[in-house]
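What follows is one structure encoded as structure tokens, with my remarks underneath.
All of the numbers you see were taken from the coordinates with simple rules; none came from a lab. Quantities reported herein were computed from a predicted structural model and do not represent experimental measurements. All Cβ positions, even for glycine, are placed from backbone atoms using ideal geometry, and neighbour counts span all protein chains on display.
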Amino acid sequence: MQALELNNRLTYRQDKPIPAIAGDEALIRLKLAGICATDLELVKGYAGFSGIIGHEFVGTVEAVGQEKHHHWLNKRVVGSINIGCGVCDVCRRAGPEHCLNRRVLGIRGHDGAFADYLRLPVANLFPVPDEVPDEAAVFTEPLAAAIRVLKQLAPLPVKPAAVIGPGRLGLLIAKVLAMAGYDVEVLGRSATSLALPQQWQLKTALVQDVPANRYDYVVDASGRADGFSQALRIAKPRGTVVLKSTFSASEPVDLSKVVVGELNILGSRCGPFDEALALLRQGSIPLASMVDGRYSLKDGLAALRHAAQPGVRKILLQP
């Protein structure tokens, strides 16, 4: 099969074997995949991953490992990306997201979705409603990650919020928060980067023009170390900063504001797929406006180069 494989460098392969599945797994034929910032960081060396990259996908179940799972055959599905050991206390109490022995689709110890076929445990699968087209379903994973921010802020009073980074994930986070009633401002480094948030009827500003100590809640989805520094700068004392970025490069960050301002720092990663699919079913988010290109797998290297260009939102891959 075709695949985009990372092994010190990214290569396009046509000789990869179709994955063999275990009893609790499904074999999924890819229909559409999305490139995200984490994929780009993996290529730069983030997490030291080797294998087939990619974790945002929609596909069709072509085989299952056990008879009892036959009802999944030919179903259009998306899949959560964390695969826990299933036996540790963390898995049993809270699920696989923080299992110390977890594998993560296309990120940690498990081949990903930028291939003709991928495999996942049946337990990770979610059926895609008929009303949700592939071009929307492929956003399930990042939309779930955006909803995770909302759920983390839910125990706190609703107060003004800022989202740093008007890119792939930042837009979704800001839209989800705005739909939930938050007064949200999307912050970017250039006027051009703020055009799409404005089209989505979100308030915007240049992050460098924002005064210090302005927002109760700041979400850093910039994908940059200096984005986190800006988040600390503009957060109010005793405010909350949600760190959503992953990046390979490390830069010095002055954490004195965390101490002096008694800031709460929340790490935020994966979210609920069922809630994301329910939101996609409503059709209330203009996802098509985020798509800046669509490539075949054989042109995958060019697709990732395109995705890495400044200002580019979502690039899609198809077999």
Which one is farthest from the chain's Cα centre (by Cα), of the residues in the range 213-266 that are within 16 Å of L153 (Cα to Cα) and part of a loop (DSSP other than H, G, I, E, B)?
-> L263
Within the range 112-133, tally of residues that are in contact (Cβ under 8 Å) with a residue 24 or more places away in the chain and in a loop (DSSP other than H, G, I, E, B) = 8
Tell me, which residue of the range 132-190 that is of a type in the set (D, E) and buried (at least 19 other Cβ atoms within 10 Å of the Cβ) is farthest from G79 (Cα to Cα)?
-> E185
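Pull up the range 211-220, narrow it to residues that are surrounded by fewer than 18 Cβ atoms within 10 Å (Cβ to Cβ) and either of a type outside the set (G, A, S) or touching a Cys at 6+ places or on another chain (Cβ under 7 Å) (or both), then point me to the one that is nearest to R238 (Cα to Cα).
Applying the filter and picking the extreme gives N213.
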Looking at L297, L304, L196, L287, which one is of a type in the set (A, V, I, L, M) and more than 22 Å from F114 (Cβ to Cβ)?
-> L196
Within the range 186-206, restricting attention to residues that are free of Cβ contacts under 8 Å to residues at least 40 places away in the same chain and part of a helix (DSSP H, G or I), which residue is nearest to the chain's Cα centre (by Cα)?
-> P197
Kindly provide the set of residues from the range 221-233 that are surrounded by fewer than 21 Cβ atoms within 10 Å (Cβ to Cβ) and within 15 Å of G188 (Cβ to Cβ), ordered by number.
-> R224, D226
Across the range 86-135, what is the number of residues that are under 23 Å from K68 (Cβ atoms) and of a type in the set (F, W, Y)?
-> 2
Residue in the range 234-250 that is surrounded by 15 or more Cβ atoms within 10 Å (Cβ to Cβ), over 17 Å from L177 (Cα atoms) and either out of contact with any Gly (no Cβ under 8 Å at 6 or more places or on another chain) or charged (D, E, K, R) (or both) present | yes
Would you check if there is a residue in the range 267-278 being over 30 Å from R13 (Cβ atoms) and part of a strand (DSSP E or B)?
-> yes
Report yes if some residue within the range 136-153 is in a strand (DSSP E or B) and either more than 19 Å from the chain's Cα centre (by Cα) or within 23 Å of K244 (Cβ to Cβ) (or both); otherwise report no.
-> no
Would you kindly identify the strands (runs of 3 or more DSSP E) lying entirely within the range 7-109 that contain at least 2 residues that are in contact (Cβ under 8 Å) with a residue 40 or more places away in the chain and crowded, with 17+ Cβ neighbours inside 10 Å?
-> 25-35, 56-64, 76-79, 103-105
